[in-house]
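The values are calculated or read from the model by the stated rules, or taken from the named source; none is laboratory data. Since we're looking at a predicted model, the values are computed, not measured. Glycine also receives a Cβ, built like all others from the backbone with ideal geometry; neighbour counts cover every protein chain displayed. Protein only, heavy atoms only, side chains kept; ligands, DNA and RNA dropped before computing areas. Shrake-Rupley method; radii C 1.70, N 1.55, O 1.52, S 1.80 Å.
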Amino acid sequence: MDEIDYRFAKALLKELADPELTTFLATLCHEARRGAPMTIYPGIQEKAAFLLREDGPLVRYGDAYYLERNWRSETRLLSALEKFLQERVESLDFPYPESLYPAQREALSLVAKEKLVVITGGPGSGKSRLARELFSSFLFVKPESEIIAAAPTGKALSRLQYPKVTTKTLHALLGLTEKRRTSKKRIEADLLLIDECSMIDLSLFEELFLSLADGMRLVLIGDPEQLPPVGTRGIFPELASIETIPHVHLDQVKRTDKEGLIQLAKLVLEGKGEEALTKLEEGAFPEISLSPLPKTPPLLSQEGEVILTPFSVGLHGTQSANAFNKAAWQGERLPILITKNDYATGLMNGDVGWLEKDKAYFPDNKILPLSLLPPYEYAFALTIHKSQGSEFRHVKLLLPEGSHEEGCEILYTAITRAQETLQIFCNRETLLQIIAKKNKKESLFKERFLLLKMEKTCR
């Protein structure tokens, strides 16, 4: 719990200097800043009653307390989801390539007959391959279909390119900008597929489901073990856990070129810190190394490498690393990260490219003069949150003390960004702390959805 949360709680309460109520509000503020949609806090109902009035800032649901805006978003999303699922779609007769493994074929079969399908899987499990086969099968059966592929970032979107498939970032699809936070668009398509759903926060999921037209299919793909979104925590893991929503987990690893990376990621999720540390120290994973955290100066990044860290400030933060690398850089190409959506150029927050002389270069042969470039920052180093949706050939990972606060998800997400090699700079004790902590993602979304569905059935 941070001191800032206590001070804020005391300021809100003013003359009501009740220690228990102050602790309750400080806890609520702390959890909200960390992205939790609500906080479970038994036994405080009577003292918090004045905060729960009709126009008050909080809403109570059992022992859970929501900020009013989060309650409103979750309630609207639940209603839109339940309404979307009421409609049935026609069954289609998809071809099933023999090259797909059983779970991939099951996913294809579900999309052929279901309104909503959730597909989960870790790195190298064939999610992108399945998406392409899904597009191919849909267009084979219905050649004139309108298919849209979307993702939270432009980088993630690049993996969904396919002939006759419209690709857009999720914000562009919904017509959301810095000035317009509420979508007024209606999404019309036969099939909408969204990748990297673990990056979608609660309010964006709300806008998505409120915008869906009748008669369409929706496929949500992602890895629920990654870090939650930066905003209010998303509900993708909860959607995958609702038994009445068709869900397939892709359970085979098809990328043997990153076998060591995948094995380490698995040990991290399983909380096997001692085993992971032993294997790293013994060199069991040739593409991964473990070194003590450097004290000073920050690491140098070579061309083709990226430095990842949980923090933006401090000695081992991105600001320090980027400033150091910019001053020491000898290469001709300066890596950059776009920090704001720009619909005129088609560049989106999270897109990674490079500067060379007076031009900026991005994947898919996009070249812009510097005068047209939207806001950006240097990308020698990125926070692990900002690296989501991207992959890099070589990763240098800094994990200073305090990294464990983000839980093992911070390490899992960083590991799964590397394509070829991973250098971990972390002290033994910190690494064990990180792997030992799995952040508890408390959510009542599933409970509320099942209750809403039961109420509608009983009417």
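Summary table below
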| item | result |
| --- | --- |
| Listed peptides 389-398, 420-429, 42-51 by packing density, highest first (mean Cβ within 10 Å) | 389-398, 420-429, 42-51 |
| Accessible-area value, ASP18, 1.4 Å probe, nucleic acids and ligands omitted, Å² | 50 |
| Signed unit charges on C-beta, dipole axis of region 229-370, positive-most listed residue LEU293, LEU315, GLN252 | LEU315 |
| Cα-centre dipole for the chain with unit charges at Cβ (Lys and Arg positive, Asp and Glu negative), debye to 20 | 860 |
| Dipole of the chain, positive end: most advanced residue of LEU108, LEU267, LEU191 [Cβ charges, Cα centre] | LEU191 |
| Region 202-342 shape via C-alpha gyration tensor axes, a/c threshold 1.5 | oblate |
| Whether region 95-135 is rounded, prolate or oblate, judged on the alpha carbon gyration tensor where a/c under 1.5 counts as rounded | oblate |
| Lys pairs, region 133-220 - Cα-Cα below 26 angstrom, 8 or more residues apart or on other chains | 13 |
| The chain: relative contact order in percent, alpha carbon pairs under 8 Å with at least 6 residues between | 15 |
| Relative contact order for region 404-459, counting Cα pairs under 8 Å that sit 6 or more residues apart, in percent | 50 |
| Lysine pairs with alpha-carbon atoms under 26 Å apart, region 204-329, spacing 8 or more or separate chains | 9 |
| THR22 accessible area, assembled protein chains, probe 1.4 Å, Å² | 10 |
| Only Lys, Arg (+1) and Asp, Glu (-1) charged, at Cβ; region 150-291 dipole about Cα centre in debye | 880 |
| Per-residue SASA entry for ARG448, accessible area with 1.4 Å probe, Å² rounded to 10 | 30 |
| Accessible area in the full protein assembly, largest first, 1.4 Å probe, for VAL118, VAL230, VAL89 | VAL230, VAL89, VAL118 |
| Residues of the chain: accessible area per residue with a 1.4 Å probe, Å² | 47 |
| Straight-distance crosslink candidates among aspartates and glutamates, where the alpha carbon sits under 12 Å from LYS127 and sequence neighbours closer than 8 are dropped | ASP195, GLU196, ASP223, ASP251 |
| Options PHE392, ILE200, VAL165, ranked by Cα towards positive dipole end of the chain, top entry (Cβ charges) | VAL165 |
| Of LYS366/LYS386; LYS83/LYS437; LYS10/LYS83, those spanning more than 32 Å from alpha-carbon to alpha-carbon | LYS83/LYS437; LYS10/LYS83 |
| Shape category assigned to the chain from the gyration tensor of Cα positions, a/c cut at 1.5 | rounded |
| Relative contact order [Cα under 8 Å, 6+ residues apart], region 207-332, whole percent | 12 |
| Proximal charge balance of PHE94 [Cβ under 10 Å; K/R count +1, D/E count -1] | 0 |
| Solvent-accessible surface ranking, highest first, for LEU372, LEU277 at 1.4 angstrom | LEU372, LEU277 |
| Share of carbon and sulfur in the accessible heavy-atom surface of the chain [1.4 Å probe, %] | 51 |
| GluC sites (Glu not before Pro) restricted to DSSP loop in region 255-349 with at most 11 other C-beta within 10 Å | GLU332 |
